[in-house]
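The values are calculated or read from the model by the stated rules, or taken from the named source; none is laboratory data. Since the model is a prediction, treat every value here as computed from it, not as a measurement. Ideal geometry is used to build each Cβ from the backbone, glycine not excepted, and the neighbour counts take in all protein chains shown. For the accessible areas, the whole protein counts, side chains as well, though only heavy atoms, and no ligand, DNA or RNA atoms are used. Shrake-Rupley method; radii C 1.70, N 1.55, O 1.52, S 1.80 Å.
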Amino acid sequence: MVSLLCCGPKMAACGIVLSAWGVIMLVLLGIFFNVHSAVLIEDVPTTEEDFTGGPEKIYALYEQVSYNCFIAAGLYVLLGGFSFCQVRLNKRKEYMVR
């Protein structure tokens, strides 16, 4: 029988903790970038041309970074789901007869 188990119980638990932290952090960053927080201007990839002609270009860059944060949070959700499945497989392995 092929086993889908590829992580130990400690590594799977660590994956869940890191995923939870990553989701929380990236969702909050995505929200703050979406409301155009002035504190985060250093994290927006701008050029000199973006500052000429109004704030629309800067707002578009903020929104792009916001979408990137939400996509990364989604990937962390997938990693957390994978880690949760590994925890469940490890617990089931403890009860299997060899």
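Note down all Cβ pairs under 8 Å where the first residue falls in the range 72-86 and is closer than 13 Å to Ile24 by Cβ, the second is open to solvent by 30 Å² or more (accessible area, probe 1.4 Å) and of a type in the set (Gly, Ala, Ser), and they're at least six residues apart or on different chains.
Gly80/Ala20
For Ile71, all conditions in the list (1) over 15 Å from Cys14 (Cα atoms); (2) touching a helix residue (DSSP H, G or I) at 6+ places or on another chain (Cβ under 8 Å) hold save one; what is the number of the exception?
Status for Ile71: all satisfied but (2).
When you go through (1) out of contact with any Asp or Glu (no Cβ under 9 Å at 6 or more places or on another chain); (2) open to solvent by 40 Å² or more (accessible area, probe 1.4 Å) one by one for Ala73, which number turns out not to apply?
Condition (2) is where Ala73 drops out.
Which of the residues spanning the range 22-39 are farther than 17 Å from Ile71 by Cβ and touching a helix residue (DSSP H, G or I) at 6+ places or on another chain (Cβ under 9 Å)?
Matches in the range 22-39: Val35, His36, Ser37, Val39.
Spot the failing condition for Val17; the list is (1) at pLDDT below 95; (2) surrounded by fewer than 15 Cβ atoms within 10 Å (Cβ to Cβ), and only one is missed.
If we test Val17 against (1) at pLDDT below 95; (2) surrounded by fewer than 15 Cβ atoms within 10 Å (Cβ to Cβ), just (1) comes out false.
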